[in-house]
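> One structure is given below, represented as structure tokens, and several questions about it will come after.
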Amino acid sequence: MSSTDFPFTVDETHNKANNELIRDSRRLVLSAGVFGLIQLAVAAGVLWYFGGQPWVWMMAIALTVMALVSFGMMFVLPRKVGTAQELYDRYPLVPAVVAAVNERDLVLLALVDTTVDGNEESRWALAARTVTRLAGHPRKVGERVPSVAVAGQRNLSDREHWSEVTPMPIAWATPDRSVIDRASDTIPAAQWKRLEKSVSRLAEVRETPEDLLVLD
């Protein structure tokens, strides 16, 4: 998997309102902060209720350390994830389509290369993601949604391939339809064709632990 071959400028206002992957990251940061505050509150409550016994102090210190770790994650996570512009610049452009339309959400299906080293032979897979908003695209099965493939994690048993890949639509980052159309045209026709022939395999993809089905 290599960096994107489709540079464009992210509209920060539009991205903030629509990018659900960035929103999920912010929720993780908020959750870390809340968890840290809860741990400090429990530590204070234990000290107040049980007094200064040795075991109480040990518990309070342990909770305080855990709280500090949680607060530290509030600074580490944003740096690890990066800004929206960095993500769109870092990850490759891939084909994705609307594979299912539900009452409150949509399911995207993308064709992604799970190989970590872009110089190695590609290992293709289908990646799925549920989204609630998709500005710039009609809610219909088969709608083409050019995206970038954001890599998540790797298994210890296989460091050469990503075990988690999430499609992030170009439409989340810009309201400019010409940019979306240009992204769609940049993706090779053979990749679009292979993906569209695989939409019927959505159920298989959803049965995998990370919504990622490696193709033969």
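Since every read-out is calculated from the coordinates, none of them should be taken as a lab result. This is a predicted model, so every value here is computed, not measured. As a convention, Cβ positions derive from the backbone with ideal geometry for all residues, glycine included, and neighbour counts pool all protein chains shown.
> Enter the angle in degrees (range 0 to 90, nearest 10) between the Cα long axis of helix 177-186 and the first principal axis of the Cα atoms of the chain, meaning the one along which they spread out most.
Roughly 70 degrees between the two axes.
> 7 Å from Cα along Cα→Cβ at both A62 and E86: what's the point-to-point distance in nm?
Between A62 and E86, the simple spin-label model gives 3.5 nm.
> Something else about it: Compare D117, D89, D158 in a GNM of the chain, Cα atoms joined below 10 Å, and give the one with the largest fluctuation.
D158
> In addition: Tell me whether the range 171-213 comes out rounded, prolate or oblate; compute the Cα gyration tensor, take square roots of the eigenvalues as a ≥ b ≥ c, and use a/c under 1.5 as the rounded threshold. Write down the numbers at each step before the final one.
Numbers: a/c = 3.50, a/b = 1.73, b/c = 2.03.
Judged from the Cα gyration tensor, the range 171-213 comes out oblate (a/c at least 1.5, b/c at or above a/b).
> On a 0 to 90 degree scale, rounded to 10, what angle separates helix 54-81 from the longest Cα axis of the chain?
20 degrees
> Let me check against my output: what whole-number percent is the relative contact order of the chain, with C-alpha pairs under 8 Å and at least 6 apart? Don't skip to the answer; put the middle values down first.
Details: 375 pairs, mean separation 51.3, N = 216.
Value for the chain: 24 percent.
> Right, next: Within the chain, what is the longest stretch that has no GluC sites (Glu not before Pro) placed in a DSSP loop and near at most 14 other beta-carbon atoms within 10 Å?
Working: sites that count: E103, E120, E121, E160, E207.
Longest stretch, sites excluded: 1-102.
> Run through all the Cα pairs of the range 120-189 and give the fraction in each 5 Å bin from 0, expressed as whole percent.
3, 13, 22, 22, 16, 12, 8, 3, 0
> Relative to the longest principal axis of the C-alpha atoms of the chain, give the angle of the C-alpha long axis of helix 20-50, reported between 0 and 90° and rounded to the nearest 10°.
Tilt relative to the chain: about 10 degrees.
> Here's another thing I want to ask about it. Return the distance in nm (one decimal) between the two label points of a simple spin-label model at V116 and V214, each offset 7 Å from Cα along Cα→Cβ.
Each label point lies 7 Å from its Cα, and together they span 1.4 nm.
> Could you state the per residue volume, in Å³, of the convex hull enclosing the Cα atoms of the chain? Before the final figure, lay out the partial values.
Numbers: hull volume 33.6 nm³, N = 216.
Given the Cα convex hull of the chain, per-residue volume reads 156 Å³.
> Here's a follow-up. From Cα pairs below 8 angstrom and at least 6 apart in sequence, can you work out the relative contact order of the range 125-191, rounded to a whole percent? Don't jump to the answer; show the numbers that get you there.
Values: 71 pairs, mean separation 22.1, N = 67.
About 33 percent, as a whole number.
> Provide the three semi-axes, in whole Å and in decreasing order, of the ellipsoid equivalent to the range 40-159 as defined by the square roots of 5 times the Cα gyration tensor eigenvalues.
On the way: eigenvalues 389, 85, 36 Å².
Equivalent ellipsoid of the range 40-159: 44, 21, 13 Å, largest first.
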